[in-house]
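Data block below; observations after.
Where a number appears in this text, it was derived from the coordinates with a stated rule and is not lab data. Computed from a predicted structure; not experimentally measured. Cβ: placed from backbone, ideal geometry, glycine included. Neighbour counts: every protein chain shown.
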Amino acid sequence: MDLNTFNLYLFGGTGDLSNRKLIPAIFRQETLGNINNDSEIIGLGSRDISVDDYTSMVQESLTKHFPGFNENDEAWKRFSKRLSYIKIDINSKEDWKNINNIPTNKAVVYYLATPPNLYKQIATCLKENNLIQDNCRVVVEKPIGTDLESAEDINNSLSAGFNETQIYRIDHYLGKEAVQNLLALRFANTIFEKSWSNSAIDHIQITVAEDLGVEDRGGYYDETGALRDMVQNHLLQILCLIAMEPPVSIQSESVRDEKLKVLKSLAPFTEDTIALNSVRAQYLDGISKGEPACAYLDENGVDPKNNTETFVALKLEINNWRWSGVPFYLRTGKRMNSKSSEIVVRYKSVPHNIFSKEAALKPDQLVLRIHPDEGIDLKLNTKQPGVSGYDLEELPLDLNLHDYHELGHQDCYERLLLDVIRGNPSLFVRRDEIEASWKWIDNIINLWKSQDVPMEEYISGGWGPSNADLLLKRDFRSWKNGSSKKSK
Ligand code: BG6
């Protein structure tokens, strides 16, 4: 069986995720010559359209979402021949019969690019219609459920037909080069590991800030909120990669075993700590990217009664030897000052300052930038040039990955899709990880309700509510706001 050759069945084949992300990602691999000849892409959707109509729709979305797309290129000629379309109303028993002749000699990928509330039904129908074989995989996107119970329910339906090794749960942050680089930084170098613990680290910050608001996803977002939309998945996955113990190997199970241990070591919030160590807030109107921007409650599809947060900040602890006493501060929000995702590792101050008391001796700081300008920036104290005394200044050792590699067009979905086809689950989330993170998140949501933790407000275009600053100020610390600038 040739596993690099595939049939990709795209449920939701005419939808937004397919158009904006999946089709452009596979097409780019086509332009690079990475798609084997006999591979096919089959769009599935409820609309009764012909293959030619579907091909035109794909062409249209590539024109919009694939920079430099040209319908006369050989790549499009090859790609368009791979396309076909199957009309399927998932409630119709008859329609399910339209999917047949599932090949046995190549990888078969069922990608559920549909609203998550359809995962269960599609998984069940795939099983009932005998469409699952050993060479099949199923791909689902976050959010997998809205709490532990619903996540278990979806996982149970997937597991009824597929083995865990055939289930690929996407967290697109794991497809980002800079996120994968966290493992390389920690486990392909010796200099960090010795100091990667409470012996040298004062605290760690993880910020994923977005400048956009909820855009046209008000309806979905209002039912979800920042904690479920970003923290349960992207931020906790980053936290796992930062905090985990060295895995035995880079093989998927070793890495996932270590991530799971981190999730299980997260100290649960309690009635006494929830109001002190968590902040939730909604954006008000303001100026975003130079333009007036409306308040969250004025966005389409938003119901004030839902009281949904667009910003979360948490102070959390990991109950294990390595991290005992080291706070992790996490925050994410929409309509913040800029799109910037980074991890800041603040080291402890030197135990004894031999320089003059006036010398500006700042604690070392390692910044791992995910966005923008993927890279690593280590801030160190150095002596200012001069003939008198020791005046110190903080200067960066700044590694910008863009200086060495062309990262411009690559999208995380390219790597993730190829990994599904190759059968490599390392960058996907295992069932127990999803369920452990929901358990921890559910507790926060319940406490927010039972303890009436107030919904704060913040101005669009800022860095979040003042109480998020207070979360660190109280500990004599402060957030690093904004991305590190590349040194010249
Ligand atoms: C998605 C969230 O998972 O991640 C969105 O649902 C968010 O609300 C997006 O905007 C952010 O992803 P990225 O890659 O643009 O940082």
Would you please calculate the Kirkwood hydrodynamic radius of the range 178-333 over all C-alpha pairs and express it in Å, rounded to one decimal?
17.5 Å
Per DSSP H run of n ≥ 4, the term is -39500 (n - 2.57); total these for the chain, divide by its residue number, and report the mean residue ellipticity at 222 nm rounded to 500 deg cm²/dmol.
-8500 deg cm²/dmol
Skipping prolines and chain starts, which residues have an amide H placed within reach, meaning under 5 Å, of the one on Gln282, given they are 5 or more residues away or on another chain?
Thr310, Glu456, Glu457, Tyr458
Treating only the Cβ atoms of Lys and Arg (+1) and Asp and Glu (-1) as charged, compute the dipole magnitude of the chain about its Cα centre; round to the nearest 20 debye.
1060 debye
Straight-line reach only, C-alpha to C-alpha below 16 angstrom: list the lysines that Lys261 could link to, leaving out same-chain residues fewer than 8 apart.
Lys439
The correct pair for the range 128-217, radius of gyration to one decimal and Dmax as a whole number, both in Å and from Cα atoms, is 19.2, 57
When Glu309, Glu71 are ranked with the fewest other C-beta atoms within 10 Å first, the list becomes Glu71, Glu309
Tell me the Rg and the Dmax, in Å, that the Cα atoms of the chain produce.
24.1, 87
Descending principal axes extents, the range 253-356, alpha-carbon based, whole Å
51, 44, 34
Rounded to whole angstroms and listed largest first, the alpha-carbon spread of the range 3-129 along its three principal axes comes to 41, 30, 24
Dipole magnitude of the range 27-74, debye to nearest 20 (Cβ charges: Lys/Arg +1, Asp/Glu -1, about Cα centre)
260 debye
Take the Cα gyration tensor of the range 396-467, multiply each eigenvalue by 5, square-root it, and list the three semi-axes largest first, rounded to whole angstrom.
35, 26, 11
So what are the ³J(HN,Hα) numbers for the range 452-464, from phi and the Karplus equation (6.51, -1.76, 1.60; θ = phi - 60°), rounded to whole Hz, Gly and Pro as x?
6, 5, x, 8, 7, 10, 9, 6, 4, x, x, 10, x
Spatial separation of Cα centroids for the range 48-86 and the range 328-365, in angstrom
48 Å
Long-range amide H contacts for Asp202: which residues qualify at under 5 Å (H placed 1.01 Å from N, peptide plane, sequence gap of 5 or more or a different chain)?
Arg346, Tyr347, Lys348
Using the number of other C-beta atoms within 10 angstrom as an exposure proxy, rank Thr165, Thr146 with the fewest first.
Thr165, Thr146
If the chain between Glu164 and His371 were fully extended at 0.36 nm per residue, the gain over the current Cα-Cα distance would be 71.3 nm
Give me D for the range 169-251 in µm² s⁻¹, whole number, from Stokes-Einstein with Rh from the Kirkwood sum over alpha-carbon pairs, 20 °C and 1.002 mPa s.
143 µm²/s
Need the full-extension length gain, Ile191 to Ser249, defined as separation in residues times 0.36 nm minus the C-alpha distance. One decimal, nm.
19.0 nm
First select every other residue whose beta carbon is under 12 angstrom from the beta carbon of Thr224; then total the charges, Lys and Arg +1, Asp and Glu -1.
-1
Among Lys473, Lys97, which comes first, then next, by fewest other beta-carbon atoms within 10 Å?
Lys97, Lys473
Roughly how far apart, in whole Å, are the Cα centres of the range 263-300 and the range 425-471?
8 Å
Of the beta bridges DSSP finds with both residues in the chain, what % are antiparallel, to the nearest 5?
50 percent
Determine ³J(HN,Hα), in whole Hz, for all residues of the range 137-146 in sequence, where each value follows from phi through the Karplus function 6.51 cos²θ - 1.76 cosθ + 1.60 and θ = phi - 60°; x replaces Gly and Pro.
10, 10, 10, 10, 9, 5, x, 8, x, 10
Rotationally averaged projected area of the range 341-437 (alpha carbon convex hull; nm²)
10.5 nm²
If you take the alpha carbon radius of gyration of the range 310-386 and divide it by 2.2 N^0.38 Å, what ratio comes out, to two decimals?
1.42
As straight-line cross-link partners of Lys362, the qualifying lysines (C-alpha separation under 23 Å, not fewer than 8 residues apart within one chain) are Lys194, Lys315, Lys348, Lys379, Lys383, Lys473, Lys480, Lys485, Lys486, Lys488
